[in-house]
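The values are calculated or read from the model by the stated rules, or taken from the named source; none is laboratory data. Remember, it's a predicted structure, so these values are computed and weren't measured experimentally. Methodologically, a virtual Cβ is constructed for each residue, glycine included, from the backbone with ideal geometry; neighbour enumeration extends over all protein chains shown. For accessibility, only protein heavy atoms count, side chains too; no ligands or nucleic acids. Shrake-Rupley method; radii C 1.70, N 1.55, O 1.52, S 1.80 Å.
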Amino acid sequence: MKMNAKDILVPTISLLVICLVATALLALVNNVTKDKIAEQTALSEAAARVQVLPDATEFKEVDMDGDKVTDYYEGLDKSGETVGYVFNTIGEDKGYGGDVAVTVGIDTDGIITGIVPGDISNETPGLGQNAGKASWQAQFVGESGDLEVVKSDKAAQENTSDGKINALTSATITSKAVTGSVNVALDMFEEIGGEN
């Protein structure tokens, strides 16, 4: 069977037109939704700050390096006094689904007041995604220093939780990723000296 130019050009041009239309539609959808996504992200981040540092009524953005990247927030009470800091961090350890960002609240004494993991939808459903449960996050509250992930049975045998974070069942990788991100926040707190 002999092919001519028409047999090659017609399907090629058809595919090109389909690709151009699909690209234009995707660009349009992105343009329409990007502002709404940015707004929702900002609202979500603001809610996380309030959740991890509930004693603060206002959050002042602090830029350590003079660039436009926010390094942390200073939490102020009604009288304008600093009650703590909020850090958005990513540790060196990756979760099952990649980096795990965590919002961490630390009071002026260096004690964790709360944590909220960011998007953990790529972690294993029913296992790593349990890092989003308040009951697991609660064990970070009141801790300070360098935290270490341990298996639940090991922590129970040692009868202590000082600096020990019980791993999620069958999700040690995610547990280490979250804890690593919290440790980065604790290190940042030490860097700023707890006070500006």
- Message: Which order do the peptides 139-151, 85-97 come out in when sorted by mean C-beta neighbours inside 10 angstrom, highest first?
- Response: 85-97, 139-151
- Going by alpha carbons, how many degrees (0 to 90, nearest 10) lie between the helix axis of 5-52 and the longest principal axis of the chain? 20 degrees
- With a 1.4 Å probe and every protein chain kept in, tell me what percent of the accessible surface of the chain is carbon plus sulfur. 55 percent
- Query: Rounded to the nearest 0.05, what FRET efficiency do Lys6 and Asn30 have when you use their Cβ-Cβ distance and R0 = 41 Å?
  - Reply: 0.70
- Message: If you consider only alpha-carbon coordinates, what radius of gyration and Dmax does the chain have, in Å?
- Response: 23.3, 86
- Item | Protection proxy ranking of 124-131, 30-37 - average other beta-carbon atoms within 10 Å, highest first | 124-131, 30-37
- Orientation-averaged projected area, Cα convex hull of the range 29-102 (nm²): 7.0 nm²
- Query: For Ile18 and Ile192 in one chain, what is 0.36 nm times their gap in residues minus the Cα-Cα distance, to one decimal in nm?
  - Reply: 57.2 nm
- Message: Pairs of alpha-carbon atoms within less than 8 angstrom and 6+ residues apart define the contacts here; what relative contact order does the chain have, in percent?
- Response: 17 percent
- Query: Which of the peptides 75-81, 113-119, 52-58, 22-28 is most tightly packed, and how do the rest follow, going by the mean number of other Cβ atoms within 10 Å of each residue?
  - Reply: 113-119, 52-58, 75-81, 22-28
- Note on the structure: The answer for the chain, accessible area per residue at 1.4 Å probe in Å², is 61 Å²
